[in-house]
Amino acid sequence: MTSTQPKPSMSELQQRDHGVGHDYAKGSPHIRHHAIRDRLITGLHTLVQEVIDRNGRCRVLELGAGHGTFTDHLLAAGAQVTVTEISEPSVRFLDSRFSRNPNVTVVHDQDGTAACQAGPVDAVVCVSVLHHIPDYLGTVKQLVENITPGGAFFSAQDPLWYPRRSRTSMSLDRNAYLLWRLGQGQFRRGLSTRLRRMRGVYDEANEADMVEYHVVRDGVDEEALRDHLASAFEEVEVQSYWSTQSGVLQAIGERIFPPSTFGVVARERR
Ligand SMILES: C[S@@+](CC[C@H](N)C(=O)[O-])C[C@H]1O[C@@H](n2cnc3c(N)ncnc32)[C@H](O)[C@@H]1O
């Protein structure tokens, strides 16, 4: 790419990766592996029920809902849900999926700012999305401003902050990923990505470097998130766990490997 070509927007880059017919389950441990998925769904049901018990209703803002895999569970738990998506094809999918459901509003968040202006909500839910947002801390701070007293914040499936992890933990994680790519017949792609990462090269026009933004940089800072949430909520809990794409490695790793991934729940907005 020459310097005269305009830099693609984050929305264009996300769309390239989450286009028409995108399979959200394929590279997603939290959808593919039942232990992670079941914990996540239970957490969402508990969250909605607790907010309904405290506030009498639960209006959820779900950021980056993809194809609505977890929207269904929020609805089943009794929430009204506003879903946002930066990818236009995913917005169209959500529109057609929920067009007859009066409890769902779909918002095309083209520049990633609409979610922060969505008005008062009782809970914010982010499933596997914070690591896609370059300024995730700034975004979370703005989202928290819109949560009503008694409300909650829930996020899951982001990589733990790499600088705090051991070398063993990082190399187990990376080798598990490489093995999964091998199983997909994409060993060369996995290897060339690994080599580019080792050289610390990032191309702002290449979706491989921009879409999974913090996965290919330093991970997501769970302690910074926890500290910010603790200033606004009565109770904050960070839950860390091992997750990887391969089913076999997941079954072994969740028993014996150090955590690679985390979720956070904040209850009772002050
Ligand atoms: C890994 S997918 C997760 C989708 C869904 N939450 C799930 O777990 O199945 C991340 C999604 O976030 C969307 N996304 C990325 N940045 C976003 C932003 N700033 N606002 C809204 N959606 C965003 C992407 O288009 C993509 O659909």
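Highest first, please rank the peptides 219-225, 35-41 by the mean number of other Cβ atoms sitting within 10 Å of their residues.
The most tightly packed comes first, giving 219-225, 35-41.
Could you check what % of the DSSP bridge pairs in the chain are antiparallel, to the nearest 5?
40
Express in whole angstrom the spacing between the alpha-carbon centres of the range 105-119 and the range 165-200.
34
Most mobile of Gln80, Gln245, Gln110 per a Gaussian network model of the chain (Cα springs, under 10 Å)?
Largest GNM mean-square fluctuation: Gln110.
Whole angstrom only: what separates the Cα centroid of the range 7-75 from the Cα centroid of the range 219-270?
When both Cα centres are located, 16 Å separates them.
Pairs of Cα atoms under 8 Å, at least six residues apart: use those to get the relative contact order of the range 1-131, whole percent.
The normalised contact order for the range 1-131 reaches 27 percent.
May I ask what percent, to the nearest 5, of DSSP beta bridges between residues of the range 1-143 are antiparallel?
0
With only Lys, Arg, Asp and Glu charged, each at its Cβ (+1 for the first two, -1 for the last two), find how big the charge dipole of the range 1-143 is about the Cα centre; round to the nearest 20 debye.
180
Counting every Cα pair in the range 27-128, what percent are over 24 Å apart?
Within the range 27-128, distances greater than 24 Å cover 19 percent of Cα pairs.
With equal scatterers on the alpha carbons only and no solvent term, can you work out the Debye log10 of I(q)/I(0) for the range 137-191 at 0.26, 0.29 1/Å?
Log10 of I(q)/I(0), two decimals: -1.02, -1.11.
How long, wide and thick is the range 1-63, going by the Cα atoms along their three principal axes, in whole angstroms, largest first?
56, 29, 18
At q = 0.08, 0.15 Å⁻¹, what log₁₀ I(q)/I(0) does the chain have when each alpha carbon counts as one equal point scatterer in the Debye sum?
Values, matching the q order: -0.32, -1.18.
What does the convex hull of the Cα atoms of the range 55-211 come to per residue, in Å³, rounded to a whole number?
Spelled out: Cα convex hull of the range 55-211, divided by residues, is 151 Å³.
For the range 123-169, state the average projected area of the convex hull of the C-alpha atoms over all orientations, rounded to one decimal in nm².
Its average projected convex-hull area is 4.0 nm².
Could you tell me how many degrees, from 0 to 90 and to the nearest 10, lie between the Cα long axis of helix 247-256 and the main elongation axis, the longest principal axis, of the Cα atoms of the chain?
Helix 247-256 sits at roughly 80 degrees to that axis.
How do 7-14, 57-64, 95-102 rank on mean C-beta neighbours within 10 Å, highest first?
57-64, 7-14, 95-102
What fraction, in whole percent, of alpha-carbon pairs in the range 166-270 exceed 25 Å separation?
Cα-Cα pairs of the range 166-270 separated by over 25 Å account for 34 percent.
Collect residues whose amide H, placed 1.01 Å from N in the peptide plane, falls under 5 Å from the amide H of Asp158; neighbours closer than 5 in sequence don't count.
Under 5 Å from the amide H of Asp158: Phe262.
As I understand it, the value is the acute angle between the Cα axis of helix 187-198 and the longest principal axis of the Cα atoms of the chain; what does it come to in degrees, rounded to 10?
80
Once the Cα atoms of helix 34-55 and of the chain are each reduced to a long axis, what angle between those two axes, in degrees from 0 to 90 to the nearest 10, is obtained?
That works out to roughly 30 degrees.
Under the definition of Cα pairs under 8 Å and six or more residues apart, what whole-number percent is the relative contact order of the chain?
21
Any read-out appearing in this document is the output of simple, stated calculations on the displayed coordinates, not a laboratory observation. Computed from a prediction, not measured in an experiment: that's the story for all the values here. Here the Cβ is made from the backbone with ideal geometry for all residues, glycine too, and neighbour counts use every protein chain on show.
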